[in-house]
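Visitor: The structure under discussion is supplied below as C-alpha coordinates; questions concerning it will follow.
The values are calculated or read from the model by the stated rules, or taken from the named source; none is laboratory data. This one's a predicted model, so the numbers in the text were calculated from it and none came from an experiment. Because the Cβ atoms are built from the backbone with ideal geometry, glycine has one as well, and the counts that use them run over all protein chains shown.
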Amino acid sequence: MNQWDNIYKEHGKFVVNPQEGMADIAEIFKKSDVKKVLDLGCGSGRHLVYLAELGFQVYGIDVAETGMRIANDWLTGKDLHADLRSGSIYETLPYKDNFFDAVISIRVIHHGKIEDIRKAIKEIERVLKPRGLVFVTVRKRIAKKRRLKFVELDSRTYIPAEGEEKGLVHYLFNKELLRKEFRNFRILNLLVDTDNYYCLLGELTFGKE
(Lines give C-alpha, C1' and ligand atoms only; values in the text may rest on other atoms or scores of the structure.)
Protein backbone atom coordinates (compact mmCIF):
# COMPACT_ATOMS: atom_id res chain seq x y z
CA MET A 1 0.00 0.00 0.00
CA ASN A 2 1.38 3.43 -0.91
CA GLN A 3 1.41 6.52 1.30
CA TRP A 4 -1.55 8.07 -0.54
CA ASP A 5 -3.66 5.04 0.34
CA ASN A 6 -2.66 5.47 3.97
CA ILE A 7 -3.72 9.11 3.86
CA TYR A 8 -7.16 8.30 2.45
CA LYS A 9 -7.64 5.41 4.86
CA GLU A 10 -6.95 7.76 7.77
CA HIS A 11 -8.68 10.94 6.55
CA GLY A 12 -11.41 9.72 4.20
CA LYS A 13 -12.33 12.39 1.64
CA PHE A 14 -9.41 14.42 3.06
CA VAL A 15 -10.48 17.67 1.35
CA VAL A 16 -14.10 18.28 0.37
CA ASN A 17 -14.32 21.83 -0.98
CA PRO A 18 -13.05 22.65 -4.49
CA GLN A 19 -9.79 24.48 -5.08
CA GLU A 20 -9.91 28.23 -4.52
CA GLY A 21 -10.97 29.93 -7.76
CA MET A 22 -12.36 26.74 -9.27
CA ALA A 23 -15.66 28.46 -10.10
CA ASP A 24 -13.74 30.91 -12.30
CA ILE A 25 -11.87 28.05 -13.97
CA ALA A 26 -15.13 26.23 -14.68
CA GLU A 27 -16.55 29.40 -16.22
CA ILE A 28 -13.49 29.73 -18.46
CA PHE A 29 -13.92 26.08 -19.46
CA LYS A 30 -17.54 26.71 -20.43
CA LYS A 31 -16.66 29.79 -22.47
CA SER A 32 -13.95 27.77 -24.24
CA ASP A 33 -16.45 25.01 -25.09
CA VAL A 34 -14.64 22.48 -22.90
CA LYS A 35 -16.50 19.18 -22.59
CA LYS A 36 -14.04 16.41 -21.62
CA VAL A 37 -11.92 17.14 -18.52
CA LEU A 38 -9.22 14.92 -17.02
CA ASP A 39 -8.47 15.26 -13.30
CA LEU A 40 -4.86 14.11 -13.06
CA GLY A 41 -4.40 12.79 -9.52
CA CYS A 42 -8.10 13.01 -8.71
CA GLY A 43 -7.76 11.61 -5.17
CA SER A 44 -11.08 11.19 -3.39
CA GLY A 45 -12.92 13.09 -6.11
CA ARG A 46 -13.75 16.61 -4.96
CA HIS A 47 -13.19 18.11 -8.41
CA LEU A 48 -14.75 15.18 -10.24
CA VAL A 49 -17.94 15.76 -8.29
CA TYR A 50 -17.79 19.53 -8.70
CA LEU A 51 -17.25 19.45 -12.47
CA ALA A 52 -19.72 16.60 -13.06
CA GLU A 53 -22.40 18.61 -11.28
CA LEU A 54 -21.71 21.42 -13.76
CA GLY A 55 -22.28 19.08 -16.70
CA PHE A 56 -18.70 18.34 -17.81
CA GLN A 57 -17.66 14.85 -18.94
CA VAL A 58 -15.12 14.00 -16.25
CA TYR A 59 -12.30 11.50 -16.17
CA GLY A 60 -10.03 10.76 -13.23
CA ILE A 61 -6.82 8.86 -12.62
CA ASP A 62 -5.01 8.29 -9.34
CA VAL A 63 -2.52 5.86 -7.82
CA ALA A 64 -4.47 5.56 -4.53
CA GLU A 65 -7.10 2.84 -4.88
CA THR A 66 -8.65 3.83 -1.54
CA GLY A 67 -9.13 7.37 -2.78
CA MET A 68 -10.65 6.08 -6.00
CA ARG A 69 -13.18 3.97 -4.10
CA ILE A 70 -14.15 7.03 -2.05
CA ALA A 71 -14.53 9.05 -5.26
CA ASN A 72 -16.68 6.38 -6.88
CA ASP A 73 -18.96 6.15 -3.83
CA TRP A 74 -19.24 9.95 -3.66
CA LEU A 75 -20.20 10.18 -7.33
CA THR A 76 -22.65 7.28 -7.08
CA GLY A 77 -24.29 8.85 -4.04
CA LYS A 78 -24.98 11.97 -6.09
CA ASP A 79 -26.10 9.99 -9.15
CA LEU A 80 -23.11 11.30 -11.10
CA HIS A 81 -20.67 9.50 -13.39
CA ALA A 82 -16.95 9.71 -14.10
CA ASP A 83 -14.53 7.48 -16.00
CA LEU A 84 -12.09 6.40 -13.26
CA ARG A 85 -8.74 4.72 -13.87
CA SER A 86 -6.13 3.50 -11.41
CA GLY A 87 -2.57 4.43 -12.30
CA SER A 88 0.40 6.74 -11.78
CA ILE A 89 0.32 10.23 -13.26
CA TYR A 90 4.06 9.88 -13.94
CA GLU A 91 3.65 7.04 -16.42
CA THR A 92 2.03 6.77 -19.85
CA LEU A 93 -1.61 7.73 -19.41
CA PRO A 94 -4.31 5.30 -20.63
CA TYR A 95 -5.87 7.82 -23.03
CA LYS A 96 -5.62 8.54 -26.75
CA ASP A 97 -3.74 11.49 -28.21
CA ASN A 98 -5.70 14.78 -28.43
CA PHE A 99 -8.54 13.34 -26.35
CA PHE A 100 -9.26 16.01 -23.72
CA ASP A 101 -10.39 19.60 -23.93
CA ALA A 102 -8.86 20.36 -20.52
CA VAL A 103 -6.68 18.78 -17.85
CA ILE A 104 -6.59 19.79 -14.20
CA SER A 105 -4.10 18.66 -11.57
CA ILE A 106 -4.61 20.14 -8.12
CA ARG A 107 -1.84 19.90 -5.51
CA VAL A 108 -0.51 16.73 -7.10
CA ILE A 109 2.03 17.07 -9.87
CA HIS A 110 4.81 18.43 -7.60
CA HIS A 111 4.87 15.14 -5.65
CA GLY A 112 7.61 13.71 -7.84
CA LYS A 113 11.19 14.26 -8.89
CA ILE A 114 11.62 16.73 -11.73
CA GLU A 115 12.29 14.00 -14.29
CA ASP A 116 8.96 12.37 -13.37
CA ILE A 117 7.15 15.71 -13.45
CA ARG A 118 8.46 16.32 -16.96
CA LYS A 119 7.06 12.96 -18.06
CA ALA A 120 3.68 13.96 -16.64
CA ILE A 121 3.73 17.30 -18.46
CA LYS A 122 4.56 15.56 -21.75
CA GLU A 123 1.63 13.23 -21.20
CA ILE A 124 -0.65 16.20 -20.49
CA GLU A 125 0.46 17.69 -23.80
CA ARG A 126 -0.15 14.41 -25.61
CA VAL A 127 -3.69 13.81 -24.37
CA LEU A 128 -4.79 17.43 -24.78
CA LYS A 129 -6.29 18.73 -27.98
CA PRO A 130 -4.49 21.65 -29.66
CA ARG A 131 -5.39 24.80 -27.73
CA GLY A 132 -6.61 22.60 -24.88
CA LEU A 133 -6.49 24.10 -21.39
CA VAL A 134 -4.47 23.05 -18.36
CA PHE A 135 -4.97 24.18 -14.76
CA VAL A 136 -2.39 23.01 -12.23
CA THR A 137 -1.52 24.02 -8.69
CA VAL A 138 1.84 23.25 -7.09
CA ARG A 139 3.44 24.00 -3.74
CA LYS A 140 5.35 27.28 -3.48
CA ARG A 141 8.76 27.10 -1.85
CA ILE A 142 8.73 26.81 1.94
CA ALA A 143 11.61 28.06 4.08
CA LYS A 144 13.55 25.11 5.47
CA LYS A 145 13.12 26.33 9.04
CA ARG A 146 9.32 26.21 8.61
CA ARG A 147 9.20 22.64 7.29
CA LEU A 148 8.61 19.53 9.34
CA LYS A 149 11.61 17.23 9.67
CA PHE A 150 12.67 16.20 6.17
CA VAL A 151 15.25 14.43 4.06
CA GLU A 152 16.67 16.69 1.33
CA LEU A 153 17.27 15.06 -2.04
CA ASP A 154 18.51 18.25 -3.71
CA SER A 155 18.00 21.99 -3.37
CA ARG A 156 14.40 21.79 -4.66
CA THR A 157 13.37 18.26 -3.75
CA TYR A 158 12.74 16.84 -0.29
CA ILE A 159 10.77 14.14 1.53
CA PRO A 160 9.03 14.92 4.85
CA ALA A 161 10.02 12.53 7.64
CA GLU A 162 6.87 13.25 9.65
CA GLY A 163 3.34 14.59 9.24
CA GLU A 164 0.50 13.45 7.00
CA GLU A 165 2.67 13.73 3.87
CA LYS A 166 5.50 11.70 5.38
CA GLY A 167 7.38 9.80 2.70
CA LEU A 168 5.98 11.79 -0.23
CA VAL A 169 8.41 13.51 -2.60
CA HIS A 170 7.99 17.29 -2.87
CA TYR A 171 9.46 19.36 -5.69
CA LEU A 172 9.40 23.12 -5.12
CA PHE A 173 8.65 25.31 -8.13
CA ASN A 174 8.99 29.03 -8.66
CA LYS A 175 7.31 31.07 -11.39
CA GLU A 176 10.30 30.90 -13.70
CA LEU A 177 10.50 27.11 -13.44
CA LEU A 178 6.77 26.75 -14.03
CA ARG A 179 7.02 28.85 -17.18
CA LYS A 180 10.01 26.80 -18.32
CA GLU A 181 8.42 23.39 -17.75
CA PHE A 182 5.09 24.48 -19.27
CA ARG A 183 6.79 26.26 -22.17
CA ASN A 184 4.49 24.58 -24.71
CA PHE A 185 1.57 26.42 -23.15
CA ARG A 186 0.55 30.04 -23.49
CA ILE A 187 0.26 31.12 -19.86
CA LEU A 188 -3.13 32.76 -19.35
CA ASN A 189 -2.76 33.29 -15.61
CA LEU A 190 -0.20 32.52 -12.93
CA LEU A 191 -0.83 33.49 -9.32
CA VAL A 192 -0.41 32.30 -5.72
CA ASP A 193 -3.49 31.25 -3.73
CA THR A 194 -4.10 31.81 -0.03
CA ASP A 195 -2.67 28.36 0.83
CA ASN A 196 0.70 29.23 -0.76
CA TYR A 197 0.24 27.24 -3.98
CA TYR A 198 1.08 28.49 -7.45
CA CYS A 199 -1.95 28.29 -9.75
CA LEU A 200 -1.21 28.10 -13.47
CA LEU A 201 -3.77 28.30 -16.24
CA GLY A 202 -2.43 27.67 -19.73
CA GLU A 203 -3.46 26.95 -23.31
CA LEU A 204 -1.57 24.34 -25.32
CA THR A 205 0.10 25.85 -28.36
CA PHE A 206 0.17 24.13 -31.73
CA GLY A 207 3.96 23.82 -31.71
CA LYS A 208 4.45 20.84 -29.42
CA GLU A 209 8.13 20.18 -28.80
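Visitor: Out of the residues in region 173-199 that are among the aromatic types (Phe, Trp, Tyr) and in contact with a Gly (Cβ under 7 Å, 6 or more places away or on another chain), state the one that is surrounded by the most Cβ atoms within 10 Å (Cβ to Cβ).
Guide: The extreme case among them is 185.
Yes or no, residue by residue, for (1) part of a strand (DSSP E or B); (2) over 30 Å from residue 33 (Cα atoms); (3) hydroxyl-bearing (Ser, Thr, Tyr); (4) out of contact with any His (no Cβ under 6 Å at 6 or more places or on another chain):
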| site | (1), (2), (3), (4) |
| --- | --- |
| 121 | no, no, no, yes |
| 126 | no, no, no, yes |
| 180 | no, no, no, yes |
| 187 | yes, no, no, yes |
| 190 | yes, no, no, yes |
| 194 | no, no, yes, yes |
| 200 | yes, no, no, yes |
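Visitor: Would you confirm whether any residue within region 75-85 is surrounded by 13 or more Cβ atoms within 10 Å (Cβ to Cβ) and of a type in the set (Ser, Thr, Tyr)?
Guide: The answer is no, given that none of the residues of region 75-85 is surrounded by 13 or more Cβ atoms within 10 Å (Cβ to Cβ) and of a type in the set (Ser, Thr, Tyr).
Visitor: Scan region 100-113 and tell me whether some residue there is among the hydroxyl-bearing types (Ser, Thr, Tyr), surrounded by 15 or more Cβ atoms within 10 Å (Cβ to Cβ) and closer than 17 Å to residue 3 by Cβ.
Guide: No, because not a single residue in region 100-113 is among the hydroxyl-bearing types (Ser, Thr, Tyr), surrounded by 15 or more Cβ atoms within 10 Å (Cβ to Cβ) and closer than 17 Å to residue 3 by Cβ.
Visitor: Now a separate question. Being within 19 Å of the chain's Cα centre (by Cα) and within 17 Å of residue 108 (Cα to Cα): is that true of residue 70 here?
Guide: For residue 70, the condition - within 19 Å of the chain's Cα centre (by Cα) and within 17 Å of residue 108 (Cα to Cα) - is not met.
Visitor: Considering only residues that are crowded, with 16+ Cβ neighbours inside 10 Å and either under 23 Å from residue 49 (Cα atoms) or in contact (Cβ under 8 Å) with a residue 60 or more places away in the chain (or both), which ones fall in region 86-95?
Guide: 88, 89, 93, 95
Visitor: Can you find, within region 1-52, the residue that is surrounded by the fewest Cβ atoms within 10 Å (Cβ to Cβ) among those that are modelled with pLDDT of 95 or more and β-branched (Val, Ile, Thr)?
Guide: That would be 28.
Visitor: Every residue in region 33-65 that is part of a strand (DSSP E or B) and either over 14 Å from the mean Cα position of the chain (by Cα) or without any contact (Cβ under 8 Å) to a residue 40 or more places away in the chain (or both), please.
Guide: 36, 57, 58, 60, 61, listed by residue number.
Visitor: Let me ask something additional. Output the residue which, of all residues in region 124-172 that are modelled with pLDDT of 95 or more and among the hydrophobic types (A, V, I, L, M, F, W, C), is surrounded by the most Cβ atoms within 10 Å (Cβ to Cβ).
Guide: The residue in question is 136.
Visitor: Every residue in region 60-103 that is touching a Gly at 6+ places or on another chain (Cβ under 6 Å) and within 13 Å of residue 46 (Cβ to Cβ), please.
Guide: Within region 60-103, 62, 67, 71, 74, 82 qualify.
Visitor: Quick check on region 96-113. Is at least one of its residues out of contact with any strand residue (DSSP E or B) (no Cβ under 8 Å at 6 or more places or on another chain), of a type in the set (Asp, Glu) and in contact (Cβ under 8 Å) with a residue 24 or more places away in the chain?
Guide: Checking region 96-113: at least one residue is out of contact with any strand residue (DSSP E or B) (no Cβ under 8 Å at 6 or more places or on another chain), of a type in the set (Asp, Glu) and in contact (Cβ under 8 Å) with a residue 24 or more places away in the chain.
Visitor: Going residue by residue through region 102-118, is there one that turns out to be over 24 Å from residue 195 (Cα atoms) and among the aliphatic types (A, V, I, L, M)?
Guide: No, there is no match, as no residue in region 102-118 is over 24 Å from residue 195 (Cα atoms) and among the aliphatic types (A, V, I, L, M).
Visitor: Just need a number here: residues in region 66-102 that are of a type in the set (A, V, I, L, M, F, W, C) and either assigned to a loop (DSSP other than H, G, I, E, B) or at positive phi (or both).
Guide: 5
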